[in-house]
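Okay, structure first, notes after.
The values are calculated or read from the model by the stated rules, or taken from the named source; none is laboratory data. Because the structure is a prediction, the values reported are computed rather than measured. We place every Cβ from the backbone using ideal geometry, glycine too, and count neighbours over all the protein chains shown.
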Amino acid sequence: MAVYTDVAADELADFLKQYDLGELLSYKGIAEGVENTNFLLHTSHGSFILTLYEKRVAKSDLPFFLALMTHLAEHGVTCPLPVKAKDGEALHELQGRPAAIITFLEGIWPRKPNAVHCAGVGEGLARMHLAGANFAIKRANALSVAGWRPLFDAAADRADDVQPGLRAFLSAELDYLSGGVWPTNLPEGVIHADLFNDNVFFLGDKLSGIIDFTFACNDMLAYDVAICLNAWCFEPDHSFNVTKARAFLNAYGRVRKLSEAEEAALPLLARGAAIRFLLTRLVDWLNVPPGALVKPKDPLEYARKLRFHQSVSSARDYGLMPSGPVA
Ligand SMILES: Nc1ncnc2c1ncn2[C@@H]1O[C@H](COP(=O)(O)OP(=O)(O)OP(=O)(O)O)[C@@H](O)[C@H]1O
Ligand SMILES: N[C@@H](CCO)C(=O)O
């Protein structure tokens, strides 16, 4: 999250009159994250998160996110619950933006994830996939293969300013991934689609909650696995850590076993996941709104990860044995 839209104390106090959340004691903008504007609120009833949905989020998708959090929480996933206002609705408007309040989750996200965290996220992701199985509302993934080309087009002219040769590198990879190789027959369901370490809270070594469902959608479950491989299983110097990957994949597989086809597709899905985050980061890097409290994320981290996945020949390179996860 970040703060793109400021809210004055009296506006916020007025907004809160719609809710049964008591009196506003204090609030502050949250600089972390890049997508939406977020505030931490302390009221006489406790702590809450207020989100003003910005840019990439379509208003028509908000009921999906809010209902999904409620569904997952009812099916054993620890995630924030949308707070309904006195009119029974969770979604309102503030400063011309759609706005919602969600419950505050205890825990901290791991700044330096270790293999135990990776195992925790593997188990948590698989549990989320199972819990989402009977969620009725559907939302297509706007940031799958068809969504990458417009991002590339928006950034291509200035890509080489970020790294010489980046434009051609991205163009060739996009041509490859959109040239008929992308899987279409793998098991699908609700995916988080952005389960990075800053979206998973831990208390000690134990996963205490999953946040930020603003990219959640219906897509291949193994694509979510590939996103996590990218987000959790590399070191700060961007080298791949097979111990973390094995811990992550084994823990996932103990709750929801990957099929052979899913395992075989992992290197390709990991390439897709890498270019997706490379492209969104590149667009954001080149378009920081003036005055916004946001620290854009490094796109080149994902260029290095993508090069690694291009060199992978099979899921064995991620620590998986051909017959499935090893104990
Ligand atoms: N329910 C919650 N409970 C506690 N803290 C929260 C909660 N939701 C958000 N936060 C805090 O706000 C920060 C940003 O939240 P979030 O990741 O949802 O924002 P975002 O703009 O969508 O970010 P991202 O860049 O990850 O997409 C989190 O790292 C966390 O510190
Ligand atoms: N998790 C994303 C940002 C939010 O989509 C990234 O690290 O690029």
I'd like to check something: does the range 2-23 contain any residue that is modelled with pLDDT under 90 and assigned to a strand (DSSP E or B)? yes
Scanning the range 199-224 residue by residue, those away from ligand 2 (no atom under 16 Å from the Cβ), out of contact with any Gly (no Cβ under 6 Å at 6 or more places or on another chain) and of a type in the set (S, T, N, Q) turn out to be Asn218
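Would you pick out the residues in the range 265-313 that are under 19 Å from Ala142 (Cα atoms), touching a residue at least 24 places away in the same chain (Cβ under 8 Å) and within 14 Å of ligand 2 (Cβ to nearest atom)?
Residues of the range 265-313 under 19 Å from Ala142 (Cα atoms): 268-284.
This time we only want the ones that are touching a residue at least 24 places away in the same chain (Cβ under 8 Å), so: 268-280, 282-284.
Listed by number, the residues that qualify are Ala273, Ala274, Ile275, Arg276, Phe277, Leu278, Leu279, Thr280, Leu282, Val283, Asp284.
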Sole miss for Glu35 among (1) near ligand 1 (Cβ under 9 Å from one of its atoms); (2) surrounded by fewer than 17 Cβ atoms within 10 Å (Cβ to Cβ); (3) closer than 27 Å to Pro290 by Cα is condition (2)
Within the range 248-275, residues over 20 Å from the mean Cα position of the chain (by Cα), surrounded by fewer than 24 Cβ atoms within 10 Å (Cβ to Cβ) and assigned to a helix (DSSP H, G or I) come out as Asn250, Gly253, Arg254, Val255, Glu260, Ala261, Glu262, Ala264
Checklist line | Gly88 vs. criteria out of contact with any Ser or Thr (no Cβ under 7 Å at 6 or more places or on another chain) and without any contact (Cβ under 8 Å) to a residue 40 or more places away in the chain | finding: yes
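Within the range 2-32, how many residues are among the acidic types (Asp, Glu) and within 16 Å of ligand 1 (Cβ to nearest atom)?
Qualifying residue count for the region: 2.
For the subset of the range 253-302 comprising residues that are closer than 24 Å to Asp237 by Cβ and of a type in the set (Lys, Arg), which member is nearest to ligand 1 (Cβ to nearest atom)?
Among those residues, the one meeting the criterion is Lys297.
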Per the filter on the range 99-150, residues within 15 Å of ligand 1 (Cβ to nearest atom) and basic (Lys, Arg) are Arg111
Does Val162 satisfy the condition of being among the β-branched types (Val, Ile, Thr) and touching a Ser or Thr at 6+ places or on another chain (Cβ under 8 Å)?
-> no
The residue from Leu40, Leu105, Leu50 that alone is in contact with a Phe, Trp or Tyr (Cβ under 6 Å, 6 or more places away or on another chain), closer than 28 Å to Pro289 by Cα and at pLDDT 95 or above is Leu50
Note on the range 180-227: residues more than 14 Å from ligand 1 (Cβ to nearest atom) and touching a Cys at 6+ places or on another chain (Cβ under 8 Å) are Val190, Ile191
Counting only residues in the range 24-64 that are free of Cβ contacts under 8 Å to residues at least 24 places away in the same chain and either in a strand (DSSP E or B) or assigned by TED's automatic domain parsing to the domain that holds Thr214 (or both), the one nearest to ligand 2 (Cβ to nearest atom) is identified as Lys28
Restricted to the range 118-146 and to residues being touching a Lys or Arg at 6+ places or on another chain (Cβ under 9 Å) and more than 27 Å from Phe240 (Cα to Cα), the residue surrounded by the fewest Cβ atoms within 10 Å (Cβ to Cβ) is Ala142
Scanning the range 178-198 for residues that are in contact (Cβ under 8 Å) with a residue 40 or more places away in the chain and in contact with a Phe, Trp or Tyr (Cβ under 7 Å, 6 or more places away or on another chain), the one farthest from ligand 2 (Cβ to nearest atom) turns out to be Val190
